[in-house]
Amino acid sequence: MNVLFVDDQSSVLDGTAACIHFEKMGIEKAYYASGAAGALELLKASPIDVVVTDIEMPGEDGIWLIRAIREQYPEVLTVMLTSHADFEYAQESLRLGCFDYLVQPAPPEEIERVLRRAVQHLYERNKRNQLYEVGRRMQTGEMELLDGVAMNLFSARQEDVCASLELLTLLGYPVAAEKHARLLMLTFDQFRRSDTPMVSEKEILKHLAEALKKAEISFTIVSLSALNHEKQFVMLLFSAMEQTPDLAADRLRDFFETLCKAMPQELIRCFAGRAAPFGALRPEYRRMRDVIAGRLEDPGVLRMEYDASHSLAGNSEPIKGSGARWRSLLASGQHRILMNEFEQCLEQIETLTLNRAKALCDLHQRVTHMFFNYFYENKVDTHELFHNQYTYNTYMNSYSDAASLRDAMAYMMKQVKELRAGQAPQNDVEKAKTFIAEHLADPITVRDVAEHMCLSAEYFTKLFKKETGQNIKEYITLTKVEAAKDMLERADIPVGMVALELGYTNFSHFTQVFKKYEKITPSEYRSRIMEEKKN
C-alpha cells in the first residue's frame with residue numbers, strides 16, 4: 001500500500017516523514033506533495049491508495065483536491081487534515097466521501113491510527129472484491145469453503161497444498177509456500193462432546209475473531225480458521241507483510257484470556273505451536289495433534305487452559321493485587337519480602353489441579369512486567385541481561401512449570417542485585433535507607449544501622465537528622481508501618497504474620513506501634529480497607 005501526504009508547509013511534510021512508522025503498518029512507500037497540482041501528477045504517475053491532505057493551501061485547496069480525486073480516482077481513500085476544529089469541516093469531509101478527518105496539529109500516533117484503519121479497510125475491500133470474482137458460491141459460502149481449503153494445507157499430497165495456496169491467493173489471502181504461519185489448535189469441551197452444543201461453530205469462529213481483535217492481533221496479522229474432523233478449531237496466524245508473524249507469547253495469552261471471558265461456560269484448551277512455512281505445515285499439525293492427545297511432550301508448544309468451574313479470577317487469586325506492591329518492594333530493595341511473597345504464590349499455584357498452567361502464566365506475566373519495568377526505569381536493555389547459559393527464550397518459556405518459574409525469578413533477582421552493586425555509590429543516608437529496607441524483617445536498631453555504616457550511633461543519628469530532617473529511629477518505625485499497611489491490604493496474610501515479617505515478636509507491641517501512627521489497630525485498618533474495596 002502507498003500513501004500520499006499533501007501540505008504546502010515543508011516542515012509538516014518533513015515531520016510526518018520522520019515520525020510515522022510506515023513499515024510497521026504495511027505501507028510500502030510514502031509520497032509527498034506541496035500542492036493540489038503536484039498531488040494529481042503523483043496520482044497519475046504512481047499507484048497511490050490513500051491521500052492525506054491539508055485543506056488550506058495556496059491555489060487549489062484541499063477541498064478542490066478531494067473532489068478531483070473522487071471524480072478521477074474513486075478507489076483512493078482520502079483523509080482531511082485541517083487546523084480548524086469546526087464541525088462544518090467534518091460534515092464537508094463526510095459529504096465528500098472522506099475516509100476520516102483529523103485536526104491539526106495531529107500527533108503521530110493519531111495519524112498512525114487512521115492509517116492502520118485505512119490499511120485494514122483496503123485489505124478487507126480487496127478481499128471482498130476478489131471473493132466476488134470467484135463466484136456466487138464462494139461469496140455466499142466462504143466459511144464452508146475455507147474449512148476445506150485450510151485443512152488441505154495439512155494434506156500429505158503436495159498437489160492439495162498447492163491448490164489450497166492458489167485458491168487462498170484468489171480469495172485475497174496473502175499466502176505463499178515459503179511464508180511462515182503460527183499454528184493454534186483449540187478445543188471447546190462442550191462443543192466437542194455434544195451433538196447439540198449451546199454454541200455453534202459459526203458463533204465460536206466469531207468469538208475467535210473478536211478475541212484476536214481485542215488482543216490487538218489484527219492487521220497486519222491475518223487469521224485463517226477451520227474445523228477439523230475431530231472438532232478441533234485450527235487457526236493459522238500469519239503476517240500480510242512479513243515472512244514470519246511477530247506473535248509473542250504474552251499476546252497469545254491475552255487473546256486466550258479474552259476468549260475465555262467471552263465464553264465463560266466452556267472448558268477451553270489452546271495449544272500454540274511453532275511458526276512453519278505454508279508449504280510444509282503438515283509435520284507441525286501432526287505434532288500438535290500428538291501433544292493434544294497426550295502422545296507427545298513438547299516444551300515448544302505453548303499450552304493454555306480455562307475451566308468454567310475454576311474461573312480466571314479464581315485462579316489468579318494467589319497473586320491478586322501483587323503487581324504494584326511487588327514493583328514497590330523491588331524498587332525499595334525489600335527483596336526478602338518480595339521473594340517470600342512470590343514463593344507463597346507459587347506454593348498456592350502448585351496445589352491447583354485445574355488451570356495450573358493459566359495461573360503460572362499469570363504469575364510469569366506479572367513477574368515479567370515487574371522486572372522489565374524496573375530495568376527500563378534504570379535504563380537497562382533487557383536483552384543484555386541474558387547470555388548463552390540463560391537465554392531470553394529460556395526466561396520467556398519459564399511459565400511451563402513451577403520449577404522453571406522459580407529459577408527464572410532467582411535469575412532475575414540476581415541481575416537486580418548485580419545492577420545495584422554496579423550503580424553509582426550512594427551517600428551514607430541512602431546506604432542507610434537501603435540497609436533498613438533490606439532488613440525490615442529484622443528487629444534492627446539505630447546502632448545496627450550505624451555499625452553497618454562503620455560510624456558511631458551518635459554521629460550517624462545527627463547526620464541522618466541533618467540530611468532528612470527526621471529522627472532515624474522514627475524513620476525505621478515509619479518504614480515498617482508503611483510496609484505493614486501494604487501487607488494488611490492482602491487478606492490472605494494473617495495479621496500476626498505481618499508482625500513477624502516486620503521483626504515484631506511481640507504482637508501487642510506491634511499493635512501499639514501501628515496504632516500510634518495510624519490511630520487504629522492493624523485489624524481495624526484491614527477491615528476498613530476491605531470495606532473500601534467492596535464499595
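Inside region 341-389, residues that are open to solvent by 40 Å² or more (accessible area, probe 1.4 Å) and of a type in the set (S, T, Y) make up a count of 3. Beta carbons closer than 9 Å, at least 6 apart along the sequence or on distinct chains, pair a first residue in region 282-299 that is modelled with pLDDT under 80 with a second that is among the polar types (S, T, N, Q) for P299/N397; P299/S400.
Within region 101-158, the set of residues being hydroxyl-bearing (S, T, Y) and at pLDDT below 85 comprises Y101, Y123, Y132, T140. Scanning region 252-296 for residues being in a strand (DSSP E or B), open to solvent by 10 Å² or more (accessible area, probe 1.4 Å) and more than 29 Å from C162 (Cα to Cα) gives a total of 1.
Taking the criterion of being polar (S, T, N, Q), part of a helix (DSSP H, G or I) and under 33 Å from the mean Cα position of the chain (by Cα), the only residue of region 1-33 that qualifies is T16.
Just to check your reading of the model, which residue among E501, E524, E532 is without any contact (Cβ under 8 Å) to a residue 40 or more places away in the chain, charged (D, E, K, R) and in contact with a helix residue (DSSP H, G or I) (Cβ under 9 Å, 6 or more places away or on another chain)? Just one listed residue meets the conditions, E524. Scanning region 1-57 for residues that are out of contact with any Phe, Trp or Tyr (no Cβ under 6 Å at 6 or more places or on another chain), aromatic (F, W, Y) and open to solvent by 30 Å² or more (accessible area, probe 1.4 Å) turns up just one, Y31. The single condition among (1) under 30 Å from A450 (Cβ atoms); (2) without any contact (Cβ under 8 Å) to a residue 24 or more places away in the chain that S404 does not satisfy is (1). Residues in region 60-83 that are polar (S, T, N, Q) and either open to solvent by 20 Å² or more (accessible area, probe 1.4 Å) or modelled with pLDDT under 85 (or both): Q72, T82, S83. Of all the residues in region 331-376, those that are within 22 Å of L252 (Cβ to Cβ) and of a type in the set (S, T, Y) number 1. Only one of the numbered conditions (1) at pLDDT 90 or above; (2) open to solvent by 30 Å² or more (accessible area, probe 1.4 Å) is violated by M185, and that is (2).
Scanning region 225-246 for residues that are farther than 19 Å from A176 by Cα and surrounded by fewer than 21 Cβ atoms within 10 Å (Cβ to Cβ) gives L227, N228, H229, E230, K231, Q232.
The values are calculated or read from the model by the stated rules, or taken from the named source; none is laboratory data. None of these values were measured; they are calculated from a predicted model. Cβ atoms come from the backbone with ideal geometry, glycine included; neighbour counts cover every protein chain shown. Remember, those area values only see protein heavy atoms, side chains included, never the ligands or the DNA or RNA. Shrake-Rupley method; radii C 1.70, N 1.55, O 1.52, S 1.80 Å.
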